[in-house]
C-alpha cells in the first residue's frame with residue numbers, strides 16, 4: 001500500500017517555476033489523504049502563483065498516477081489570502097506588508113547568479129542618487145557575501161548599536177552621502193554565515209526595521225544572487241517600489257536572470273528594468289576601443305522577452321574594479337568616465353519611473 005512517505009518523496013520534485021523551490025518546502029501542498037485506489041492532494045497556492053495552477057495540478061496528477069495502487073488522483077484547491085503573500089517561505093503565517101517609517105521608495109537590486117557586478121551596480125546607483133540630492137540608504141542584504149563596506153571604504157568601521165531585543169537600534173554608517181547597513185560590519189572578514197531560512201529572515205527584518213534610516217527618498221537593497229529565502233523575506237516584509245535585474249551579455253547569466261525576473265513578476269513586484277553590466281570593456285589607453293568580452297545582446301533579449309525596459313548598459317573600466325577594491329565609487333571619483341555616465345543614466349531612469357515617489 002502506498003505510504004505518506006512515498007507520496008511526499010515523489011511530490012518533492014514539484015517546484016515553483018519562479019523561485020525553484022519545492023512546493024512542499026513552500027507549504028503550498030497541504031496534508032495528503034491516501035485511500036487506495038484514491039489519493040487526495042490539497043493545493044494552497046498564493047494569488048501570485050495561480051497562473052501555475054494547471055501546470056502544477058497536471059504534474060502532481062502524472063506523478064501520483066505512477067504509484068502502484070493509485071488509480072484516482074483528486075486535487076483540491078484551498079482558499080488563499082487576498083494579499084497574495086508568499087507565506088514566509090514555509091516558516092510561518094502570512095503577515096501584512098509593513099512600510100519603513102520615513103522611507104519613500106525601496107528598490108531591490110538583484111540577479112540570477114553571482115559575479116555579474118550586482119553590488120557594484122547597487123553602490124554606484126545609491127551614490128548617483130545621493131549626488132543628485134536625494135536622501136539615500138543602502139541595505140546590504142547579501143548576508144553570505146557582504147561586500148559593500150569594502151566598496152565604500154568603511155570596512156574597518158563599526159556601527160553604533162544600542163538597546164537589546166526588539167528595542168535594539170542600529171545607526172547606519174555614512175559614506176559618500178549614503179547611510180549603509182551591512183552584515184559585513186557584524187562579522188569578521190573570514191567568518192562564514194551558516195544560517196537557515198528563519199535566521200536569515202530575522203536578520204533582514206532587523207536591518208529593515210531596527211536601523212535608524214530616518215527620512216529617505218530611496219533605500220537601495222543589494223540582494224544576494226538567486227531566488228532564495230532572502231528575496232522571499234524582503235518581498236513579504238515591505239512594500240517595494242520595484243526591482244532592478246542585473247545581468248551580463250553572456251548566455252549563462254541570461255538564463256539565471258530569467259529565473260530571478262520571473263520570481264519577482266510572480267510576486268507582483270514591479271520590475272523597473274534590466275541593467276546589462278560589463279556590456280563592453282574599454283581599455284584605459286584606448287578609450288575609443290570597445291571589446292565585447294562577454295558577447296552581446298543579452299540585456300536586450302532579457303528585456304524584450306519580458307516586456308520590460310533595458311534601462312542601462314554599464315561598460316567595464318579598470319577604475320570600476322579599482323574603486324571596488326580601494327573603497328571609492330567611480331561615480332564620485334571619476335564622474336566623467338564612461339561607467340559613471342552610465343550609472344548616472346541609470347539613476348535618471350529610476351527617477352523618471354512613474355512608480356517612484358520623490
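Among the residues of the stretch 121-141, the one identified as crowded, with 24+ Cβ neighbours inside 10 Å and either modelled with pLDDT under 90 or part of a loop (DSSP other than H, G, I, E, B) (or both) is 141.
Okay, residues lined up against (1) touching a strand residue (DSSP E or B) at 6+ places or on another chain (Cβ under 9 Å); (2) modelled with pLDDT of 95 or more; (3) in a helix (DSSP H, G or I):
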{"residue": "283", "(1), (2), (3)": "yes, no, no"}
{"residue": "314", "(1), (2), (3)": "yes, yes, no"}
{"residue": "332", "(1), (2), (3)": "no, yes, yes"}
{"residue": "335", "(1), (2), (3)": "no, yes, no"}
{"residue": "353", "(1), (2), (3)": "yes, no, no"}
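Filtering 118, 95, 101 for residues that are at pLDDT 90 or above and more than 20 Å from residue 244 (Cα to Cα) leaves a single hit, 101. Restricting the stretch 104-115 to residues that are buried (at least 20 other Cβ atoms within 10 Å of the Cβ) and within 13 Å of the chain's Cα centre (by Cα), the residue that is modelled with the lowest pLDDT is 112.
Going by what's in this entry, would residue 184 be described as modelled with pLDDT under 90, in contact with a strand residue (DSSP E or B) (Cβ under 7 Å, 6 or more places away or on another chain), assigned to a helix (DSSP H, G or I) and assigned by TED's automatic domain parsing to the domain that holds residue 269? Yes, satisfied. Among all positions in the stretch 215-223, there is at least one residue which is at pLDDT 95 or above, in the same structural domain as residue 142 (by TED's automatic domain parsing) and in a loop (DSSP other than H, G, I, E, B).
The values are calculated or read from the model by the stated rules, or taken from the named source; none is laboratory data. Model, not experiment: these values are computed from the prediction. Here the Cβ is made from the backbone with ideal geometry for all residues, glycine too, and neighbour counts use every protein chain on show.
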